[in-house]
Amino acid sequence: MVEEVIERESPTAAWSSTGSATGSKALPLADVDRHAEARKPTGDRELDRVLGGGLVPGSLVLLGGEPGIGKSTLLLQVALLLGEKVLYASGEESAQQIRMRAERVGLNGPGCHVLSEVSTAKILQAAEHLQPDVLIVDSIQTAHNPQLDSAAGSVSQIREAAAEFLRYAKARHVPVILVGHITKDGHLAGPKVLEHMVDVVLQFEGDRHHLFRMLRALKNRFGSTQELGIYQMDGQGLKGVANPSGLLLGQREEGLSGSAVGIPSEGMQPLLVEVQALVSSAVYGTPQRSCTGFDTRRLNMLLAVLEKRCGFRLGAKDVFLNVTGGLRVEDPALDLAVCAAILSSNSDIPIAQGMAFAAEVGLGGEIRPVHRLEQRINEAGKLGFDTVFCAKQSGVKAGKVNGVNVVPVKRMEDLVGALFG
Ligand code: TYD
Ligand code: MG
């Protein structure tokens with residue numbers, strides 16, 4: 001239960017004739033000042049792309065992610081790279097710890113000021129004093145307004161703190177970045193209202209034990225939410241990964257059954273990822289289905305399609321699926337690669353090294369087209385693939401496209417025929 005203070009409305013109706021003299025006036029859209037937003041590039045290519053070009057002055061950005069994923073590292077790097085006056089206020093680490101981390105990532109930003117503080121009033125005081133070009137607050141859960149009774153991290157504290165930083169951002173026209181923790185089930189801890197208040201919600205995700213970390217925009221008032229930033233954590237901090245496909249596929253083993261390469265397009269950039277499947281007879285009564293990096297429900301659906309439409313007896317088999325590199329792929333264009341990997345494992349026949357797959361699979365076993373197919377084919381060609389399977393409906397003709405042999409397939413049976421004869 002949260003107590004809420006409701007302001008009393010003025011007794012005169014806002015729309016009465018007396019009030020109209022001071023009231024706001026609607027403008028034709030064309031008369032509104034365009035006021036080109038001068039975005040501040042952060043110096044981090046991946047982050048800039050996800051933000052849509054950089055930080056917008058006066059915007060409030062929320063960066064969410066599980067503990068240990070690298071939120072503090074990312075923002076400290078940004079603070080050091082920006083080359084402007086930045087206030088990095090941390091309620092989680094001491095100034096010494098932040099200094100040590102800065103040395104670890106090997107950057108020295110002369111404009112970066114650090115403050116170890118939890119009180120929102122003191123953080124904002126320091127900001128008023130320093131007049132930074134960017135304010136970073138790590139994290140919103142530790143920010144605390146002593147005037148409120150409730151404990152730090154409680155709903156009312158988080159909401160109040162976010163509101164204070166929002167007022168500061170708008171009043172001083174300074175971008176403010178807040179770090180937010182994520183609960184076990186993947187939601188931003190704290191009230192949903194936080195996501196409504198801020199202009200941009202970024203999510204940093206990935207498995208701590210895997211190669212890649214991904215940065216996505218869940219909400220962006222100044223750009224698209226399509227872009228995906230990919231990072232790699234090493235001993236010297238986070239590095240943007242320019243060619244993730246090359247890195248991912250570099251570890252492929254030759255002649256292994258159950259492996260297929262798909263071409264999902266997360267953001268504007270198509271990626272080539274390896275899908276591995278393991279199909280084996282179930283030892284226990286109920287067969288297991290387990291996925292890493294892919295939606296389990298989608299896997300179940302694809303298994304049902306393979307069973308019902310193509311007659312493969314997979315109902316009594318354990319099926320494990322893994323998208324390598326720790327990527328989580330949502331693009332349905334991966335469907336065909338998933339099916340190919342499952343069939344390959346099931347029959348124990350490897351798929352040729354140079355083949356890649358880009359199509360969605362429908363409930364009827366039909367192969368469906370995906371958007372931006374040409375870019376996907378080009379990306380595959382760049383990485384040395386010679387054959388791409390896609391949907392017949394996508395309108396491409398069988399034959400060479402930029403040196404890649406394109407094979408349109410209409411139904412699942414066609415794929416089975418083409419792959420395994
Ligand atoms: P951190 O940024 O503190 O995560 P968050 O703020 O999201 O909780 O750090 C994440 C992990 O990254 C930490 O466990 C240590 C590791 N790390 C490296 O591997 N290399 C580095 O250079 C740094 C700074 C951290
Ligand atoms: Mg942290």
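Details
- With 0.36 nm allotted per residue and the present C-alpha distance subtracted, the residue 310-residue 296 stretch has 3.0 nm of extension available.
- Efficiency of FRET from Cβ geometry, residue 371 and residue 413, R₀ 22 Å, rounded to 0.05: 0.35
- Sorting 292, 183 from the fewest to the most surrounding beta carbons within 10 angstrom yields 183, 292.
- Backbone N atoms of segment 94-128 closer than 12 Å to the 7 Å Cα→Cβ label point of residue 147 belong to residues 120-122.
- Charged neighbours of residue 118, selected by a Cβ distance under 12 Å, balance to -3 (K, R count +1; D, E count -1).
- Of all complete DSSP H helices in the chain, those with a Cα span along the helix axis of 24 Å or greater and a mean Kyte-Doolittle hydropathy of -0.5 or more are 155-172.
- Difference of contour (0.36 nm per residue) and Cα-Cα distance, residue 122 to residue 251: 41.4 nm
- Segment 271-315: C-alpha gyration tensor shape, a/c 1.5 cut-off, then a/b vs b/c: oblate
- Extension gain from residue 402 to residue 234, taking 0.36 nm per residue of separation minus the Cα-Cα distance: 56.9 nm
- Between residue 288 and residue 3, the simple label model (points 7 Å from Cα in the Cβ direction) yields a spacing of 5.2 nm.
- Theoretical ellipticity at 222 nm over the chain - DSSP helices of four or more residues, -39500 (n - 2.57) apiece, nearest 500: -8000 deg cm²/dmol
- Flagged links, alpha-carbon separation over 23 Å, of 170/192; 40/382; 85/219; 25/219: 40/382; 85/219; 25/219
- Segment 327-416 shape via C-alpha gyration tensor axes, a/c threshold 1.5: rounded
- Rel. contact order, % - alpha carbon contacts under 8 angstrom, at least six apart, segment 121-185: 39 percent
- Whether segment 101-143 is rounded, prolate or oblate, judged on the alpha carbon gyration tensor where a/c under 1.5 counts as rounded: oblate
Throughout, read-outs are computed from the coordinates displayed, never taken from laboratory work. Since we're looking at a predicted model, the values are computed, not measured. In this analysis, Cβ positions are derived from the backbone assuming ideal geometry, glycine residues included, and neighbour counts consider all displayed protein chains.
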